Amino acid sequence: MPYLIGSEHPAAPAGARFRAALARPGILRLPGAHNGMAALQARAAGFEALYLSGAAMTAQMGLPDLGILTVDEVAFFIRQITRACGLPLLVDGDTGYGEALNVMHMVRVFEEAGAAAVHLEDQLLPKKCGHLNDKKLALPAEMAAKVAAAVRARRHLVVIARTDAAAAEGLEGAVARARLYVEAGADAIFPEALTSVEMFREMRARLPGVPLLANMTEFGRTPQLTADEFEALGYEMVIWPVSSLRVANKAQERLYAALARDGATTAMLPEMQSRAELYATIGLADFEALDTSIAQSVLPQPD
Ligand SMILES: C[C@](O)(C(=O)O)[C@H](CC(=O)O)C(=O)O
């Protein structure tokens, strides 16, 4: 229960813990966790760090991923996930919600909420999923200024610059932008929507020494590759941004169809997380034991 007991919180700031995870051998696997429960389940499966996706946050709000979220709405998700699981969290910062000062405000809010890392992208509003057509790009210098602003604002947050330029400007454009963003202070680069293994390889070769993040989103432009394959290509991080929500959404769809059909949820019981499983995942017994131990430590006990 790292959230309620102060002494169980890790001493190192979240950004430092993210850097330490990145420094360990092997690619850093960052599954998307769209809420606190997903984060607990991902941690139980053995993951050491997580990703918070803009697409998943907006989709679960029933909204499209067009950059209409606010900083404080994202902070709500950051808080619930980091409280629940305590793992270092990489957060989707979209376009930074404005220009330099807005980016700095976002960095401060995200850090205070418990984030470990953020990525910022070089699209103009309304931004889109990187795997869609007709994205509009910011000027390279404008994006570099945002990266510099983020670095200036952070205390420990890892700053990752995402470039969406591959579609409009080709690999050449994406590499040139990535170099500029690294010069502006980016700790790592997220080359978005690469469409072939060859592009991933070329990007790696052209940016020696720069930590790179691969986006293994489903139903997009990137072919399905495994974490081991991205590692062999020389990538340091991989995200599966929306996978948990896609699976949860499909299950919900089946539930509502069954309930509308049967007037009962009985047919769905085998697919449900049981009451016992739910309580075990959130650690209800530990919270109750904590409450009892506090009461015992302050109240005189009968002989
Ligand atoms: C990474 C991403 O920005 C996200 O919001 O998770 C999306 C994911 C998606 O829409 O599949 C993206 O632009 O790739």
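Considering the stretch 217-237, and only residues there that are charged (D, E, K, R) and more than 12 Å from the ligand (Cβ to nearest atom), the residue that is surrounded by the fewest Cβ atoms within 10 Å (Cβ to Cβ) turns out to be D228. Of the candidates L125, L132, the single residue that is surrounded by fewer than 18 Cβ atoms within 10 Å (Cβ to Cβ) and under 17 Å from N215 (Cα atoms) is L132. Do we have any residue at all in the stretch 282-299 that's within 21 Å of Q60 (Cα to Cα) and modelled with pLDDT of 95 or more? The answer is yes; a qualifying residue exists. Given the criteria of a type outside the set (A, V, I, L, M, F, W, C), surrounded by 15 or more Cβ atoms within 10 Å (Cβ to Cβ) and assigned to a helix (DSSP H, G or I), does E198 qualify? Taking the combined requirement at face value, the residue does not satisfy it. Take A205 and decide whether it is over 21 Å from the mean Cα position of the chain (by Cα) and small (G, A, S). So A205 passes the test.
Could you say whether any residue in the stretch 42-56 is more than 16 Å from the ligand (Cβ to nearest atom), closer than 25 Å to E236 by Cα, more than 15 Å from the chain's Cα centre (by Cα) and touching a residue at least 60 places away in the same chain (Cβ under 8 Å)? Within the stretch 42-56 (the criterion being more than 16 Å from the ligand (Cβ to nearest atom), closer than 25 Å to E236 by Cα, more than 15 Å from the chain's Cα centre (by Cα) and touching a residue at least 60 places away in the same chain (Cβ under 8 Å)), the answer is yes, since at least one residue qualifies. When residues in the stretch 71-93 are screened for being farther than 13 Å from A116 by Cα and β-branched (V, I, T), 2 of them pass.
Using beta carbons and a limit of 8 Å, which pairs, at least six apart or on different chains, have the first residue in the stretch 238-251 and within 9 Å of the ligand (Cβ to nearest atom) and the second one part of a helix (DSSP H, G or I)? Listed by first residue and then by second, the contacts come to P241/A55; P241/A56; V242/A55; V242/A56; V242/A59. Candidates A178, A167: the one that is in the same structural domain as N102 (by TED's automatic domain parsing), within 15 Å of the ligand (Cβ to nearest atom) and either touching a helix residue (DSSP H, G or I) at 6+ places or on another chain (Cβ under 9 Å) or of a type in the set (G, A, S) (or both) is A167. Residues in the stretch 183-206 that are closer than 16 Å to L22 by Cβ, away from the ligand (no atom under 16 Å from the Cβ) and hydrophobic (A, V, I, L, M, F, W, C): A186 only.
Please verify whether the stretch 176-185 includes one or more residues that are closer than 24 Å to L66 by Cβ and surrounded by fewer than 21 Cβ atoms within 10 Å (Cβ to Cβ). So far as the stretch 176-185 goes, no, none of its residues is closer than 24 Å to L66 by Cβ and surrounded by fewer than 21 Cβ atoms within 10 Å (Cβ to Cβ). Output yes when any residue across the stretch 66-86 is part of a loop (DSSP other than H, G, I, E, B), within 14 Å of the ligand (Cβ to nearest atom) and either within 14 Å of the chain's Cα centre (by Cα) or within 24 Å of E277 (Cα to Cα) (or both), and no when none is. Looking for residues that are part of a loop (DSSP other than H, G, I, E, B), within 14 Å of the ligand (Cβ to nearest atom) and either within 14 Å of the chain's Cα centre (by Cα) or within 24 Å of E277 (Cα to Cα) (or both), one finds none in the stretch 66-86, hence no. Please tell me if A16 is within 14 Å of the ligand (Cβ to nearest atom) and modelled with pLDDT of 95 or more. Against the criterion (within 14 Å of the ligand (Cβ to nearest atom) and modelled with pLDDT of 95 or more), A16 does not qualify.
Table: residues versus (1) out of contact with any helix residue (DSSP H, G or I) (no Cβ under 7 Å at 6 or more places or on another chain); (2) among the aromatic types (F, W, Y).
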| site | (1), (2) |
| --- | --- |
| V197 | yes, no |
| A205 | yes, no |
| A214 | no, no |
| F230 | yes, yes |
| E236 | no, no |
| K250 | yes, no |
| G263 | yes, no |
| L290 | yes, no |
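The values are calculated or read from the model by the stated rules, or taken from the named source; none is laboratory data. All of these numbers come straight from a predicted model, not from anything done at the bench. All Cβ positions, glycine included, derive from the backbone under ideal geometry; neighbour counts span all protein chains shown.
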